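Take a look at the structure below.
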Amino acid sequence: MAYRIFIGLIFNFLISLSCWADVIEFKPSQPSRHVVVKGDTLWDISAKFLKDPWQWPNVWRHNGQIKDPHLIYPGDIITLCFIDDKPMLCVNSNDERVLYPHMRPDGTDDAIAMIPFEAIAPYLSSPKIVTKDELENAPYIIDFAGEHLIAGAGTKFYVRSILKPDYLAYTTYRPGKTLQDPDTDEILGYEAIYVASNIILNLGDPATLRIINADREVRRGDRLMPTSENTGAFNFFPTPPSKQINGTIISVLNGVQELGQYDVIVLNKGEKDGLKKGHILSIIQKGKLISDPFHINKNELVKLPDEEAGIVLVFRTFERVSYALIMHTSRNIRILDLVQTPEK
């Protein structure tokens, strides 16, 4: 029975390498085998075996026996095996499908995804982060056909002004949150919330468009921007930033109060700060101040140590902010918790 190497691992000890991210550790309680089922992700499976599941690509890069990484499929069995006396995770399968571990949003085959795509799909194209000028200077809805006060799918409406035929599809947005840096109060961008998708019927001032579908009621004054390409099709390996990044969680996109695994958050760092799609960051919670009633100086204040509380994966970046998916939590996560490049 043929073996396909999925992830090379170093077991029970740390090897000193040039890059700190190359140190891979098994969990003390890793299973002896795992049968892949539909709904599994590469992240979840790696998390069963690895202390840091995002580190699996580093071993592929340093293992000379691995020429082509493979995706894994439901029914594959992942077991601990030994190659050249080194412990590895191997995939037991009867075929030789050779693929690259990446997200498969179009469902063209049965290979499992890297992360749960449905968790981030609604946020890959909308909402978007724009500047104040982009919002204020965008074409806006002046009226609806048929004397509607508000409108939905199928309604024609009039916009000032779209004169150039560069785009056939426009998206309706509505101003959302103003995103500010919690430390400096500097405005980092403005949220543009998706309202509806439209097609142009006639250019002009006003131009005539029709609503194709809508998430909410369309109103006069709503702004339109050219429909952007869907950013869902991408391949990446999770990896820590190459430099130190220290940021803050400044907002949450799905309206929840208690943040946990697979919630989508907004960070106050973006492309300008060196963040890229696929970057992994640790969530850090500041240690609280408590009084020490046993000290010679009664009730002296003591700051408890900062604690790592989880891991996030950046999946969409803008100039000054980024969207990230919470991949793992060990504590309750809150807005204003810190994020940083994982420690060595």
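Distance check, please: which entries in 48/277; 38/277; 38/269 exceed 29 angstrom between their Cα atoms? Checking Cα-Cα distances, 38/269 exceed 29 Å. Whole-Hz Karplus values for the stretch 163-177 come out as 10, 9, x, 6, 10, 9, 10, 10, 10, 8, 10, 10, x, x, 6 Hz, taken residue by residue from phi with 6.51 cos²θ - 1.76 cosθ + 1.60 and θ = phi - 60°; glycine and proline positions read x.
Accessible surface of the stretch 191-344, 1.4 Å probe: 47 percent of it comes from carbon and sulfur atoms.
I'd like to compare 320-326, 333-339: which one has the highest average count of other Cβ atoms within 10 Å, and what's the full order after that? Before the final figure, lay out each step's value.
Details: 320-326: 24.4, 333-339: 17.3.
The densest-packed peptide leads the list: 320-326, 333-339.
The simple Förster model, with R0 at 51 Å and r as the Cβ-Cβ distance, assigns residue 147 and residue 185 a FRET efficiency of 0.70. Given a cut-off of 18 Å, what percent of all Cα-Cα pairs of the stretch 186-339 lie beyond it? Value for the stretch 186-339 (Cα pairs over 18 Å): 68 percent. Between amide H atoms placed 1.01 Å from N, distances below 5 Å from residue 76 occur with 36, all of them 5 or more places distant or on a separate chain. The residues of the stretch 286-342 have, on average, 57 Å² of accessible surface per residue, using a 1.4 Å probe with all protein chains present.
A simple count of charges around residue 284, restricted to other residues whose Cβ falls under 10 Å of its Cβ and scoring Lys, Arg +1 and Asp, Glu -1, yields -4.
Of the heavy-atom accessible surface of the stretch 124-167 (probe 1.4 angstrom), what whole percent is carbon and sulfur? Write down the numbers at each step before the final one.
Numbers: 1270 of 2600 Å².
Percent of accessible area from carbon and sulfur atoms in the stretch 124-167: 49.
Full extension of the chain between residue 304 and residue 227 gives 22.9 nm of extra length, using 0.36 nm per residue less the Cα-Cα distance.
The values are calculated or read from the model by the stated rules, or taken from the named source; none is laboratory data. Just so it is clear, the structure is predicted and the values come from calculations on it, not from any experiment. In this analysis, Cβ positions are derived from the backbone assuming ideal geometry, glycine residues included, and neighbour counts consider all displayed protein chains. We work out accessible area using only protein heavy atoms, side chains counted, and drop any ligands, DNA or RNA first. Shrake-Rupley method; radii C 1.70, N 1.55, O 1.52, S 1.80 Å.
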